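The values are calculated or read from the model by the stated rules, or taken from the named source; none is laboratory data. Treat the numbers as computed from the prediction; the structure is a model and nothing was measured. Here Cβ is always computed from backbone atoms with ideal geometry, including for glycine, and neighbour counts include all displayed protein chains.
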């Protein structure tokens with residue numbers, strides 16, 4: 001349950017932020033990571049299938065981040081108990097993985113980086129607040145005694 005709730009919350013909050021920042025064509029940029037410049041061409045023609053692919057990929061990434069966090073919390077139990085610290089670590093981790101590995105290795109047809117200090121600050125801040133904290137708070141909430149399986 002924390003994977004689904006945390007992933008959905010993180011995906012939704014991050015998508016809202018991205019729509020505000022980049023506009024309604026934002027999912028085409030996400031889809032371009034998988035299909036390359038074809039998504040940019042589809043954006044000009046208004047292909048709804050490519051737009052929907054971008055939204056689905058966005059939520060898959062958010063769910064994967066939540067699953068990795070929940071999996072890591074099995075060994076690192078402090079991630080379950082201290083959601084503020086865990087949320088910061090999760091947000092920073094997602095930001096770094098996306099910008100150092102996923103985007104450079106994807107088929108995105110436009111250059112990624114270098115970042116300005118302001119872009120780095122805002123990117124990290126948004127990922128901590130809108131991705132890391134919802135995921136860690138979800139795990140913390142569902143792991144509390146009255147709601148945990150161990151107490152049933």
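Values for this structure:
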{"item": "Sole residue being out of contact with any helix residue (DSSP H, G or I) (no Cβ under 6 Å at 6 or more places or on another chain) and either modelled with pLDDT of 85 or more or surrounded by 14 or more Cβ atoms within 10 Å (Cβ to Cβ) (or both), chosen from 34, 57", "result": "34"}
{"item": "Residue tally, condition touching a helix residue (DSSP H, G or I) at 6+ places or on another chain (Cβ under 6 Å) and surrounded by fewer than 17 Cβ atoms within 10 Å (Cβ to Cβ), over region 1-16", "result": "1"}
{"item": "Hits in region 97-125 (condition: surrounded by 13 or more Cβ atoms within 10 Å (Cβ to Cβ) and assigned to a helix (DSSP H, G or I))", "result": "97, 98, 99, 102, 103, 120, 122, 123, 124"}
{"item": "Boolean, residue 35 is more than 17 Å from the chain's Cα centre (by Cα), in contact (Cβ under 8 Å) with a residue 24 or more places away in the chain and more than 23 Å from residue 123 (Cα to Cα)", "result": "yes"}
{"item": "One residue from 50, 128, 135, 68 being surrounded by 14 or more Cβ atoms within 10 Å (Cβ to Cβ), at pLDDT below 90 and in a helix (DSSP H, G or I)", "result": "50"}
{"item": "Region 71-84: number of residues that are out of contact with any helix residue (DSSP H, G or I) (no Cβ under 7 Å at 6 or more places or on another chain), within 15 Å of residue 138 (Cβ to Cβ) and either in a helix (DSSP H, G or I) or touching a residue at least 60 places away in the same chain (Cβ under 8 Å) (or both)", "result": "3"}
